[in-house]
Amino acid sequence: MANSVIGSSIVIDGEISGDEGLIVQGTIKGRVQVSGGVFVENSGQLEADVEAESVEVGGSLVGNVVASSRVEIKAEGKIVGDVKSPRILIADGALFKGNIDMDVGR
Amino acid sequence: MAQAPTVIAANTVVSGGLQGAEDVEVLGRIQGSVQLDGHLTMGKDARIDADVVATSVEVEGVLVGNITAKGIIHLFSSAKVIGDLTAAQVVIDDGAAYRGMITMEGVEGDKASSGSGTRRSAPAPRRTTRPTSRTSKRPAQAEPEPDPKPAKAESEPALPAAAGKKKKVSAKKRK
């Protein structure tokens with residue numbers, strides 16, 4: 001299945017939802033709700049709450065994150081917001097500010 | 001990392017404004033507005049409910065909204081479009097379904113070609129060939145354009161947002 005790609009000059013102001021994954025090289029303000037993985041690349045800037053299967057951040061994400069499998073903040077990445085995910089990986093050099101909740105049992 | 005072309009994948013819905021300075025391919029859905037300094041392509045199953053401003057636009061799916069392009073607007077045979085088209089050049093392939101007003105830059109006309117406000121205020125009934133009321137599903141009636149084949153248009157439950165979207169025509173109907 002193909003992922004959606006948001007290119008680096010693209011700004012989306014609103015909501016993105018879907019069954020596919022999402023690769024973000026541009027800017028998204030609003031909300032992201034996908035059933036696939038969200039990959040925020042170095043140039044990606046999210047000011048959005050994200051709900052996805054997995055979230056990988058190499059750029060900047062300001063917002064709350066809920067992932068059903070895992071969240072990874074890469075060395076160049078930054079998350080400011082609360083993260084709820086059963087697994088989380090924060091690389092050396094990554095920036096993070098917020099709460100972490102690893103209990104996804106409902 | 002190589003710059004990947006922007007793609008809105010199938011099953012993905014973008015609800016809000018999209019703007020940018022690159023080419024975008026839409027295989028999913030966009031609702032809201034699109035403003036691009038680039039080329040917009042739509043796949044067959046794609047749907048856009050938005051006014052689109054772009055350098056050029058290729059439509060193969062459903063688009064409800066006005067399109068303004070600097071270059072070419074091209075409706076392929078699988079396209080269904082309701083809305084006004086404004087561009088330097090408009091190409092409509094055989095089989096496309098279309099309803100709206102087309103303005104090609106540089107073509108002089110007597111009627112006011114921009115904005116629907118002028119027509120609405122005109123008292124003269126412009127209700128020329130509308131047998132049924134608001135949801136006239138056959139686009140062939142709207143424009144003397146390269147006649148889009150009604151057969152293809154009716155195979156899909158026509159242009160659903162037709163009733164609410166048409167500014168010029170439906171204004172008369174409500175009276």
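Values computed for the structure shown
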item: Pairs with Cβ under 6 Å, 6+ apart, first in the range A:1-14 and more than 7 Å from chain B (Cβ to nearest Cβ), second at pLDDT below 95; result: A:Met1/A:Glu20
item: Condition check for A:Gln33: open to solvent by 10 Å² or more (accessible area, probe 1.4 Å), in contact with an Asp or Glu (Cβ under 8 Å, 6 or more places away or on another chain), closer than 18 Å to B:Leu18 by Cα and of a type in the set (S, T, N, Q); result: yes
item: Residues (farther than 15 Å from B:Asp51 by Cβ and facing chain A (nearest Cβ under 7 Å)) located in the range B:14-23; result: B:Gly20, B:Ala21, B:Glu22
item: The lone exception for B:Asn11 - which of (1) open to solvent by 10 Å² or more (accessible area, probe 1.4 Å); (2) within 14 Å of another protein chain (Cβ to nearest Cβ); (3) closer than 21 Å to A:Val11 by Cβ it fails; result: (3)
item: Qualifying positions in the range B:21-76 - in a loop (DSSP other than H, G, I, E, B), over 21 Å from A:Gly26 (Cβ atoms) and charged (D, E, K, R); result: B:Lys44, B:Asp45, B:Glu60, B:Lys70
item: Residues of the range B:77-91 that turn out to be open to solvent by less than 30 Å² (accessible area, probe 1.4 Å) and either assigned to a strand (DSSP E or B) or in contact with an Asp or Glu (Cβ under 6 Å, 6 or more places away or on another chain) (or both), as a count; result: 7
item: Any hit, the range A:47-60, residues being open to solvent by 10 Å² or more (accessible area, probe 1.4 Å), farther than 22 Å from B:Asn11 by Cα and either modelled with pLDDT of 95 or more or out of contact with any Leu (no Cβ under 9 Å at 6 or more places or on another chain) (or both); result: yes
item: Hey, A:Ile23 part of a strand (DSSP E or B) and either open to solvent by less than 10 Å² (accessible area, probe 1.4 Å) or within 17 Å of B:Gly17 (Cβ to Cβ) (or both) or not; result: no
item: Those residues of the range B:25-46 which are more than 13 Å from chain A (Cβ to nearest Cβ) and out of contact with any Gly (no Cβ under 6 Å at 6 or more places or on another chain), in sequence order; result: B:Thr41
item: Residue match in the range A:61-79 (condition: within 14 Å of chain B (Cβ to nearest Cβ) and part of a strand (DSSP E or B)); result: no
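The values are calculated or read from the model by the stated rules, or taken from the named source; none is laboratory data. The structure presented is a predicted model; accordingly, all values stated were derived computationally and were not measured. All Cβ positions, even for glycine, are placed from backbone atoms using ideal geometry, and neighbour counts span all protein chains on display. Calculation scope for accessible area: heavy atoms of the full protein, side chains included, ligands and nucleic acids excluded. Shrake-Rupley method; radii C 1.70, N 1.55, O 1.52, S 1.80 Å.
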